[in-house]
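Engineer: Structure below; questions to follow.
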Amino acid sequence: MKEILFIRRNIDKWRNLETVVENAATESPDVLADAYTDITSDLAFAQTHYPHSRITLYLNNLTSALHHTIYQNKREKWSRLITYWTREVPLTMYAARKALLWSFLIFAVSVMIGSVSQWHDADFVRLILGNGYVDMTLENIAKGEPMAVYDGGDETMMFLGITVNNILVSFRIFVMGIFTSVMSGLLLFMNGVMLGSFQTFFFQQSLGAESMLAIWLHGTLEISAVIVAGAAGITMGNGWLFPGTYSRLISFKRAAVQGMKIVVGTVPVFVLAGFIEGFITRHTEWPDGVRLTLILLSLAFVVFYYIFLPIVQNSKIKE
């Protein structure tokens, strides 16, 4: 790209960034972060293609001024702890809405594949979950305690173990985005096949309704968070595969920051899901209406936080 064309395309944006620097004290952290990402990307481009140009010197000075403004020594407001979860994460989810849709579609298709495979081959679940787990479940069914797997061990230790494991799974799906979004999609696919075959296995044992009330009591939050983590991995992977007008490295860095914010946002959801699985799911004697209500409340939260709130927060920016 010729230097004059580069300047013409971006001059208005740079002027706006000068205004952001001048009014940094009143700007939100999101605005400052986005401004810094934009200017550093433009500076990297200019340093690569016009290393001795005055426009490169101008961008370097503007970047330095913004960097000083952002990183000067000052205490972060406690309100940031609130705005991070109520504003920053939802806005990031809105930006990654296509990745979230792809993550959901991959997971949904894989669940159907797992379900269909299990219907056509009753031993398919053994291939996915292993003979030991399946035999244990069949023994529990024979004893009249099909959901006994959720009633083993100390509640607190089970809660902590499940929560840590689920968080590690989500971060693993995210980190696989380093090797392109295809790898994150592959881990999502494997988890979906596992869920589909496991759920269908219970329907084949004439325990479909009971299994759904138990599994989805915690699974509504847990599976939703896994899908969101998949969106984080796909976002990072796409930054590497489709850099657009940025260099591949700059695009990857931007996408990695975005993906990290998304996956960190799933941690509280996994904690809540782990609490439900450790302390509540085991109580299969609870009325079906109570358990169904908890499932619906969990679903309502997921739809609100990951779909509705991002749209609302994005619309506020445009006002």
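Engineer: What's the magnitude of the charge dipole for the range 107-209 around its Cα centre, counting Lys and Arg as +1 and Asp and Glu as -1 at the beta-carbon? Answer in Debye, nearest 20.
Structural biologist: For the range 107-209, the charge dipole is close to 380 debye.
Engineer: Here is a further query. Just to verify a number: FRET efficiency for SER247 and LEU299, C-beta to C-beta distance, R0 = 41 Å, to 0.05?
Structural biologist: It comes to 0.50.
Engineer: Treating the angle as unsigned and between 0 and 90°, give the value, to the nearest 10°, between the Cα long axis of helix 208-241 and the longest Cα principal axis of the chain.
Structural biologist: On a 0 to 90 degree scale, this one is about 30.
Engineer: Related question: Compute the length gained on full extension between VAL164 and VAL149: take 0.36 nm times their separation in residues and subtract their Cα-Cα distance, giving the result in nm to one decimal.
Structural biologist: 3.6 nm
Engineer: Further question on the same structure: Identify, among ILE276, SER315, PRO146, the residue whose Cα sits farthest towards the positive end of the charge dipole of the chain, taking +1 on the Cβ of Lys and Arg and -1 on the Cβ of Asp and Glu, with the dipole about the Cα centre.
Structural biologist: Final value for the positive-end residue is SER315.
Engineer: How far is it, in nm, from the label point at HIS52 to the one at GLU285 when both lie 7 Å from their Cα along the line to the Cβ?
Structural biologist: About 8.5 nm separates the two model spin labels.
Engineer: Using mean Cβ contacts within 10 Å as the protection proxy, how do 41-47, 219-225 order, highest first?
Structural biologist: So the order, starting with the most tightly packed, is 219-225, 41-47.
Engineer: For the chain, report the accessible area per residue in Å² (1.4 Å probe, heavy atoms, rounded to an integer).
Structural biologist: 55
Engineer: Taking just the alpha-carbon atoms of the range 145-212, what radius of gyration and Dmax come out, in angstrom?
Structural biologist: 15.3, 43
Engineer: Arrange the peptides 178-187, 114-123 so that the one whose residues have, on average, the most other Cβ atoms within 10 Å appears first.
Structural biologist: 178-187, 114-123
Engineer: If R0 is 35 Å, what FRET efficiency do you get for LEU129 and ILE307 from their C-beta distance, rounded to 0.05?
Structural biologist: The calculated FRET efficiency here is 0.65.
Engineer: Can you give the alpha-carbon Rg of the chain over 2.2 N^0.38 Å, where N counts its residues?
Structural biologist: 1.22
Engineer: Taking N as the number of residues in the range 193-319, what is its Cα Rg relative to 2.2 N^0.38 Å?
Structural biologist: That works out to 1.33 for the range 193-319.
Engineer: Going highest first, how would you order 287-295, 304-312 by mean Cβ packing within 10 Å?
Structural biologist: 304-312, 287-295
Engineer: Next question. Return the Cα extents of the range 209-273 along principal axes one, two and three, sorted largest first, each rounded to a whole Å.
Structural biologist: Extents along the principal axes: 52, 21, 10 Å.
Engineer: Here's something else I'd like to know. Evaluate the charge dipole of the chain about its Cα centre and quote only its size in Debye, nearest 20, assuming +1 on the Cβ of each Lys and Arg and -1 on the Cβ of each Asp and Glu.
Structural biologist: 1560
Engineer: Continuing with the same structure: Just want the answer: with Cβ charges of +1 for Lys and Arg and -1 for Asp and Glu, which residue in SER117, PHE198, ILE7 is farthest toward the dipole's positive end in the chain?
Structural biologist: ILE7
Engineer: Under a no-solvent Debye model with one identical scatterer per Cα of the range 84-152, what's log10 I(q)/I(0) at q = 0.13, 0.14, 0.21 Å⁻¹?
Structural biologist: So the normalised log intensities are -0.64, -0.69, -0.89.
Engineer: Which angle from 0 to 90°, rounded to the nearest 10, does the C-alpha axis of helix 29-49 make with the longest principal axis of the chain?
Structural biologist: 60
Engineer: Which net charge results when you count Lys and Arg as +1 and Asp and Glu as -1 among the other residues whose beta-carbon is under 10 Å from that of GLY278?
Structural biologist: With Lys, Arg at +1 and Asp, Glu at -1, the neighbours total -2.
Engineer: Assuming R0 = 30 Å, can you tell me the calculated FRET efficiency for the pair ALA142 and THR83, based on Cβ-Cβ distance, to the nearest 0.05?
Structural biologist: Using R0 = 30 Å, I get an efficiency of 0.05.
Engineer: Ignoring ligands, DNA and RNA, what percent of the accessible area of the chain is carbon or sulfur (1.4 Å)?
Structural biologist: The C+S portion of the solvent-accessible surface of the chain is 65 percent.
Engineer: What distance in nm lies between label points placed 7 Å from Cα along the C-beta direction at ASN60 and GLU22?
Structural biologist: Between ASN60 and GLU22, the simple spin-label model gives 2.5 nm.
Engineer: Moving on to the next point. At 222 nm, what helix-only mean residue ellipticity would the chain give, in deg cm²/dmol to the nearest 500, using -39500 (n - 2.57) for each DSSP H run of four or more?
Structural biologist: It lands at -26000 deg cm²/dmol.
Engineer: Now, a different point. Work out, step by step, the length gained on full extension between VAL31 and ARG15: first 0.36 nm times the residue separation, then minus their alpha carbon distance; give nm to one decimal.
Structural biologist: Extra length from VAL31 to ARG15 when fully extended: 4.3 nm.
The values are calculated or read from the model by the stated rules, or taken from the named source; none is laboratory data. Because the structure is a prediction, the values reported are computed rather than measured. Cβ coordinates were reconstructed from backbone atoms using ideal geometry, including for glycine residues, and neighbour counts include every protein chain displayed. Surface accessibility is based on the protein's heavy atoms, side chains included, excluding ligands, DNA and RNA. Shrake-Rupley method; radii C 1.70, N 1.55, O 1.52, S 1.80 Å.
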